[in-house]
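Comments concern the structure below.
Nothing in this text is a laboratory measurement; each read-out follows from the coordinates by a stated rule. Since the model is a prediction, treat every value here as computed from it, not as a measurement. As a convention, Cβ positions derive from the backbone with ideal geometry for all residues, glycine included, and neighbour counts pool all protein chains shown.
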Amino acid sequence: MSPMQPFVLFDCGLARCAVGRACSNLRELFEAIRTVPEAVLEHHMMRCALEDYFELNEFPNDLARWCWDGLGDHILGEQIGLIDPYQHPTIEALRATLLNTLEDRLWGMERIPWCRPGMELHLVESRLVAYDTGERVPTPAALAEAIERMSIRSLFYHVHEARRRTGGQTDDFSAWLENVDASPTLVTRLRAIDFYFLNLTQLRQALLQVFQQHLPEPTAALPVNA
Amino acid sequence: MNLLERYEEVIGHREMVRLRHLADRLAGRRVVHINSTRTGGGVAEILRWMVPLMNELGIVTRWEVISGSPDFYRVTKAFHNAVQGLPVTLKKADFELHYEVNRENALRMDLDADVVFIHDPQPIYLPAFLGANRVGRFVWRCHIDASRPQRDVWKHLEAAMAPYQAAVFSMAAFARPLACPKFIIPPSIDPLSDKNCPISEAERLETLGRLGIDPERRMLLQVSRFDRFKDPLGVIAAYRLLKPYYRDLQLVLAGGPADDDPEGAEVLREVHEQAGDDPDIKVLMLPPDAHRTINALQRSATVVLQKSLREGFGLTVTEALWKGRPVIGGACGGITLQVHDYHTGFLVHSPAGAAYRIAYLLRYGEKRLRMGRTGHEFVREHFLLSRHLRDYFTMLLCLEHPGNGALIV
């Protein structure tokens, strides 16, 4: 039997670039979604999670937030907020879903909603830069402890970015646990977390709760402020 | 204790370790920053901490300054205003002077670097004349809002951009179309600077006493230049709407004159006129180096306002949030990135809106304190120099490894 390979902890950051395009109304948003590079959709629908801080932010992506806050179109904000990009096999498939939602909303509108000056949506693309932190996690119990203290950027890399890398199949934590023959229930429950609809602080708590239910105390204790 | 250890006390050990790991990927690189002054102004403030920190993180970093005649600085000040959309009148000779001063500076510069950051428009033409130097790549760091520049000035600056591999803007909204990539790196505050460091209670009270402010009463504060875009008259109007209900309220408008704005004196006169003989309104004209005074004022405020009608990034908002004060801000520029309703303060669109939100914060003290705590943590995560450095390092790695996919280093 080969020795257990430790979990390799990464951290990451985003290099963000302006694409030189802004939207002031719903029709401009529709045109932008139709034509912008995939990296723009990826940023505003997925990587924006790295920039979200607030636990009470109603929506998990930039486009839903802008429709709600910028355009004041709450119906559309709710609809886009429920589009889970990780349930789409490709960014082009995500683009098609977004366009369909926007077109449906635009279809019967007599007055196109505009944002106030200063509240425009400035489109951005980003590139993820990840690096090995040098930290190695030897056991499932130690992984729970590491999740409690790792940066939210590490959580993003090992959950959100891992789903992108694996075609939506798995996050890095549960993949490693599966490889080291951890409890199949633990693996299944970790993969069942609806991570896209949680901000990264909430995701940390959700992960720790699952660990707490499957690992002996006190190694997977919840943080004091959880 | 070295600088990194001092900053580690603020940002935390783990965050510093992460920053070191990222910097390790760039160890030994030689970086030069070039701007137009070592003292005064936001760029010099940033470079004063950035250069030593980059060195301590293993990136060999120097800071060079170009020099020129007073006439050169008159021209570049006009450029600065024109890039931000203010109308200026310039002659052909002014553009030629800018070009010539850059050439003269380039001839005396001995640059051997992997990356040269050129800050703002003043030294933008240097790369055109640095032929004998061995420079890997040039990056233009634009600290101002370039979204609506005056055309002739922008054309002059754009013509200098061919040697650059990248430009950096503080917000996507501030960027101009350029052939090179336009990275977005928001500014940050230095938590150890005079303006943001912790101060003693004695110093805080001494400052209030010196300025004639009652430390026992609730205080509204706006720190900004006296220009129309900062809407100081709107702040007074909001205060007046509230004063009948909150008799103990004081208002402090603290700032310096806008020397380069011909309307500045007129706005200040209007502010004094509106303030009238109300003893609870203090209009303070502070010198540019009154950092500790501003620090004390921000720490003493019950609510901080930045009721701008047009704004750059709005670092005064960042400073107030860092000090645990909720901010009521005009919905414009970088304020919209920092002020989030019910979390760090409120965005408002009118004096009435400001008054309504101030009343909310005065009434619900516990919510005010909670929003202050959230704002402090929000700044720690997003707008301290550690994030600023992380963004720079991430950008440098992307420039070294061009491509589209995720980069693993």
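Things worth noting here:
- Size descriptors for segment B:201-382, from the alpha-carbon set: Rg then Dmax equal 14.9, 43 Å.
- Placing unit charges on each Cβ (+1 for Lys and Arg, -1 for Asp and Glu) gives the protein assembly as shown a dipole about its Cα centre, and among A:60, B:165, A:188 the Cα reaching farthest toward its positive end belongs to B:165.
- Summarising the amide proton neighbourhood of residue B:85: residues at separation of 5 or more, or on other chains, whose placed amide H is nearer than 5 Å comprise B:150.
- With the simple spin-label model, which puts each label point 7 Å out from Cα in the Cβ direction, the residue A:51 to residue B:132 separation comes to 4.5 nm.
- The label point for residue A:135 and the one for residue B:69, both projected 7 Å from the Cα toward the Cβ, are 5.9 nm apart.
- Reach of residue B:155 by Cα under 21 Å, taken over lysines that are not fewer than 8 positions away in the same chain: B:77, B:91, B:92, B:182
- Within a Gaussian network of chain A (alpha carbon springs, distance under 10 Å), most fluctuating of A:61, A:179, A:25: A:179
- Likely footprinting exposure, A:4, B:219, fewest C-beta neighbours within 10 Å first: A:4, B:219
- Within the protein assembly as shown, antiparallel bridges make up roughly 25 percent of the DSSP beta bridges whose residues both belong there.
- Report summary: the helix-based calculation at 222 nm, which adds -39500 (n - 2.57) for every DSSP H run with n ≥ 4 and divides by the residues of the protein assembly as shown, gives -13000 deg cm²/dmol.
- Within a straight-line Cα-Cα reach of under 19 Å, residue B:243 can be paired with the following lysines, leaving aside sequence neighbours fewer than 8 residues apart in one chain: B:282, B:307.
- Taking segment B:201-382 and dividing mean pair separation by its residue count, relative contact order in percent (alpha carbons under 8 Å, at least six apart): 22
- Spin-label model, residue B:408 to residue B:165: label points 7 Å out along the Cα-to-beta-carbon direction sit 2.4 nm apart.
- Under 16 Å from the residue A:96 label point (7 Å along Cα→beta-carbon), backbone N, segment A:166-198: none
- Pairs of Cα atoms nearer than 8 Å and 6+ residues apart set the relative contact order; for chain B it is 13 percent.
- Multiplying the residue separation of residue B:3 and residue B:192 by 0.36 nm and subtracting their alpha-carbon distance yields 67.0 nm.
- Computed from Cα atoms, the angle from the helix B:42-56 axis to the main principal axis of chain B rounds to 60 degrees.
- Per-residue Cβ neighbour counts within 10 Å put A:19, A:8 in the sequence A:8, A:19, beginning with the fewest.
- Nonlocal amide H pairs with residue B:33, under 5 Å, H built at 1.01 Å: B:62, B:63, B:64, B:117
- When only Cα pairs below 8 angstrom with a gap of at least 6 residues are kept, chain A shows a relative contact order of 31 percent.
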